Amino acid sequence: MEIDLEKIRKYFEADRFAAAAGIVIESASEDCVRCSMEIGAMHRNAGGVVQGGAIFTLADLCFAVHSNLARLCGADEGITVGQSCSISFLKSGRGSRLTAESACLSRGRTMSVYRVTVKDDLGSAVAEMHGNGFTTQKR
């Protein structure tokens, strides 16, 4: 599968919430997608730590990119949407940047499962998300 990272980035510009959060798609391969987000004041909660919704948004976009990668590279399949997601927040993110990396645990014709690990720029695991995807009918 030939991956055109600029085409993928262009497609996900339409995900305006993730774009507004400042999420960047850094790399994409069949094995792993990597997205990152610089932490600013808008990402912090009243206690001064990164808000859970910001962390989830980063993990969710990483899941979306990975689960739709084949489609965006020309495969004849429908769009994959999140059917359910579970996130565990492991510790407060430190530093100035969060990075999410995905791994496909299982992919069938219509159902898929991905694991997304979020780390801060100091190397600490901040959260882990499991996303179950459902692939709709072909285009």
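The values are calculated or read from the model by the stated rules, or taken from the named source; none is laboratory data. These numbers come from a predicted model, not from an experiment. Virtual Cβ from ideal backbone geometry, glycine too; neighbours counted across all protein chains shown.
Some points to look at:
- Residues of the range 121-137 that are in contact with a Leu (Cβ under 8 Å, 6 or more places away or on another chain) and aliphatic (A, V, I, L, M): 125, 126, 127.
- For the range 65-139, the strands (runs of 3 or more DSSP E) that sit wholly inside it and include 1 or more residues that are of a type in the set (D, E, K, R) are 97-107, 111-120, 125-135.
One line per residue, one yes/no per condition, for (1) on the phi > 0 side of the Ramachandran plot; (2) among the charged types (D, E, K, R); (3) in contact with a helix residue (DSSP H, G or I) (Cβ under 8 Å, 6 or more places away or on another chain); (4) loosely packed, with under 14 Cβ neighbours inside 10 Å:
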site	(1), (2), (3), (4)
12	no, no, yes, no
17	no, no, yes, yes
26	no, yes, no, no
31	no, yes, no, yes
35	no, no, yes, no
38	no, yes, no, yes
63	no, no, no, no
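- Considering 125, 54, 103, the condition of being at pLDDT 95 or above, touching a Lys or Arg at 6+ places or on another chain (Cβ under 7 Å) and farther than 21 Å from residue 8 by Cα is satisfied by 125 alone.
- Qualifying position, being among the hydrophobic types (A, V, I, L, M, F, W, C), under 23 Å from residue 112 (Cα atoms) and surrounded by fewer than 16 Cβ atoms within 10 Å (Cβ to Cβ), among 85, 73: 73
- Restricting attention to the range 110-139 and to residues that are more than 13 Å from residue 90 (Cα to Cα) and basic (Lys, Arg), the residue that is surrounded by the fewest Cβ atoms within 10 Å (Cβ to Cβ) turns out to be 139.
- In the range 64-111, residue nearest to residue 54 (Cα to Cα) [restricted to those that are hydroxyl-bearing (Ser, Thr, Tyr) and touching a Phe, Trp or Tyr at 6+ places or on another chain (Cβ under 8 Å)]: 102
Okay, residues lined up against (1) touching a residue at least 60 places away in the same chain (Cβ under 8 Å); (2) under 15 Å from residue 70 (Cβ atoms); (3) over 13 Å from the mean Cα position of the chain (by Cα):
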| residue | (1), (2), (3) |
| --- | --- |
| 6 | no, no, yes |
| 11 | yes, yes, yes |
| 15 | no, no, no |
| 24 | no, no, no |
| 28 | no, yes, no |
| 34 | yes, no, no |
| 37 | yes, no, no |
| 42 | no, no, yes |
